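Colleague: This is the structure I have questions about; it appears just below.
The values are calculated or read from the model by the stated rules, or taken from the named source; none is laboratory data. Predicted, not measured: the structure shown is a model, and the values here were computed from it. Cβ sites come from the backbone with ideal geometry, for glycine too, and all protein chains shown count toward neighbours. To get the accessible areas, we keep the full protein, side chains included, count just its heavy atoms, and leave off ligands, DNA and RNA. Shrake-Rupley method; radii C 1.70, N 1.55, O 1.52, S 1.80 Å.
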Amino acid sequence: MAERSTAAVDVADNSGDEPLTAQADQSTADGVAQNRERDTDNKEAQGSGGTESPGKASPPELHSGHKLARRYRLEECVTRLDGFSSWRAVDEKLRRAVGVHILPADHSRARSVLAAARSSALLGDPRFVQVLDAVEENDLVYVVHEWLPDATELTTLLAPGPLEPHDAYQMVSQIAAAMAAAHREGLAHLRLNPNAVLRTSSGQWRIRGLAVNAALRGITSDTPQRTDTEAIGALLYAGLTQRWPYESDAYGLSGLPKDVGLIAPDQVRAGVHRGLSELSMRALVNDGATASRHESACTTPEELVKAIGEMPRIRPPEPAFTAPPEYQHTTYQQGTYGRPAPHPGATQVMATPPPPLQSRTGRALKWAVSALLIAALGLGSWQLADALMDQGNKSDDTNQTQTTDDNDKGGDKTKPTKTLGIEEAQEYVASGDAQAPGDVKLTYDGDSSTYWRTKRYNAGPTLAPYKPGVGIVYDLGSSQEISTASIGLRYPGNNTTVKLYATDSLSPSTGVDGMTEIGTATTKDNSLTVKASKTVKTQYVLLWITAVPYAPTDGFSGAGYKQAVTDVTFKG
């Protein structure tokens, strides 16, 4: 009987794999230092020739158009080496592009690849390219994963030059937080290089090949956290300098000069952000580098996340200011009308000023304007008199509470509120699968017809025990005091419960229990206002949904407990 395990199938369309090569990758005994693979990785990335190791199982005879499980149609082979192949394919059932790794069932790594794929699928973190299926059937083992057509590899992003400081800061923040979350679940990458890091069109960074890429190549490590931390340091180094932090060239990047050792990024390239330069050295210290400014080394992704949190946040560059076109002043010198000064020697032609408006139409227009002005003055005088009389009546009423006078004397006044801008947002996944991470931006696009939706649940209204909750983290751009949040909802009804929490980043370093609650509310309609129960200033706000109403079948899912958020507005 064929063995089959299917992981989350309700995931957005998705990304590619590494370049097609014929070079056999070298396995490593421990994988501790990422630079120990750099020569092999570079040959693989550049497509240099090679042959498979003797005694390895031959790759299955597959071709474009071949169909797996009567569902996945192979389109293009992107990698073929060391007994396995990777393909771009089409999931004909869900009509979307996917990626597929294939190897013979009797391959020495087949068991470990299946185990790694299933563990990665269970993580369900949207910051990683998701494993959708892990199957053994017909003497083949294959792993199906997302294919992200709108994403670009870091290798490609670095081709024209280094990253801007804000982009490099976002990359290292998101990658470190994602890897810290993976290691908390006992998962390591061990092959985290510029080919494995992608940036989507929305600016989010994604990691592909968690656990699976290393299993395909037989890479293991006695110190996996240390290995992945050093790899993140190398990614940041490359992003800041457009250089690979070792002597050999790799991933289209030049290595460092021979016999000079590992030098800080701000000594390699002028204008490198000093704090980020220092951060990369603290991660790379694992390979013998020396931290240049006496900070301790970061040996785990969690320590790296903490070090990033202690840095001042790097703001995005201000948009370039474009001066408005020069205003042409009108002049009335010597009978001219809006005419520039003549050039020397040019014949001057005098322009006659336009005659005053004296026609029958002009006279009628002047009378009409005068009448309107008189009427407006009369109306204003009448309203002023009425207001004064009304005020006098109020003064004569000794039994009336003088709220206005009390306020004027320094009593409580309603504090004016302002709408807070949202710079970006990201779905927060506490456990299990993501909901709809690609639709998060639709909650603040100003269009009430678009929305981010939850999945459908069979029981409710409380999401637990299926999930502790679902939600979105919003970046307000700077630390703000939140007074209220207005939330538009697609499905009306009882029991939509929303809580607001202050957190530390788009990818929070703590669970909900470690965040500061701002307020909570439950609705009976299709809109909801959450008022702050206490004064909290924060840049990042988690909108956390813990209960949803029962809703009928629609174009996305059957009847069940579910909700969708159309608009979110914060005020402070």
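Colleague: Looking at Thr535, Thr569, Thr553, Thr546 in this structure, which one is open to solvent by 40 Å² or more (accessible area, probe 1.4 Å) and not in a loop (DSSP other than H, G, I, E, B)?
Modeller: Thr569
Colleague: Moving to a separate point now. Identify, from the list Leu103, Leu81, Leu74, the residue that is touching an Asp or Glu at 6+ places or on another chain (Cβ under 8 Å) and open to solvent by less than 10 Å² (accessible area, probe 1.4 Å).
Modeller: Matching residue, one of Leu103, Leu81, Leu74: Leu81.
Colleague: I'd like the full set of residues that are polar (S, T, N, Q) and closer than 14 Å to Tyr428 by Cα, limited to segment 444-481.
Modeller: Answer for segment 444-481, where residues must be polar (S, T, N, Q) and closer than 14 Å to Tyr428 by Cα: just Thr454.
Colleague: Would you mention how many residues in segment 433-467 are under 24 Å from Leu123 (Cβ atoms), open to solvent by less than 70 Å² (accessible area, probe 1.4 Å) and hydroxyl-bearing (Ser, Thr, Tyr)?
Modeller: Total satisfying the criteria: 2.
Colleague: So, in segment 518-532, exactly how many residues are buried (at least 17 other Cβ atoms within 10 Å of the Cβ), part of a strand (DSSP E or B) and in contact (Cβ under 8 Å) with a residue 40 or more places away in the chain?
Modeller: 2
Colleague: What tally of residues in segment 114-132 results from selecting those that are farther than 29 Å from Leu506 by Cβ and open to solvent by less than 40 Å² (accessible area, probe 1.4 Å)?
Modeller: Qualifying residue count for the region: 1.
Colleague: Hey, does segment 535-550 have a residue that's β-branched (Val, Ile, Thr), in contact with a helix residue (DSSP H, G or I) (Cβ under 6 Å, 6 or more places away or on another chain) and touching a residue at least 40 places away in the same chain (Cβ under 8 Å)?
Modeller: no
Colleague: Scan (1) of a type in the set (A, V, I, L, M, F, W, C); (2) at pLDDT 95 or above; (3) under 24 Å from the mean Cα position of the chain (by Cα); (4) surrounded by fewer than 23 Cβ atoms within 10 Å (Cβ to Cβ) for the single condition Ala151 breaks and write down its number.
Modeller: For Ala151, the failing item is (2).
Colleague: Output the residues belonging to segment 474-515 that are under 24 Å from Met179 (Cα atoms) and either in contact with a Cys (Cβ under 8 Å, 6 or more places away or on another chain) or open to solvent by 60 Å² or more (accessible area, probe 1.4 Å) (or both).
Modeller: Matches in segment 474-515: Asp504, Asp513.
Colleague: Could you tell me whether segment 212-235 includes any residue that is of a type outside the set (Lys, Arg), open to solvent by less than 10 Å² (accessible area, probe 1.4 Å) and within 15 Å of Leu158 (Cβ to Cβ)?
Modeller: Scanning segment 212-235, I find at least one residue that is of a type outside the set (Lys, Arg), open to solvent by less than 10 Å² (accessible area, probe 1.4 Å) and within 15 Å of Leu158 (Cβ to Cβ), so the answer is yes.
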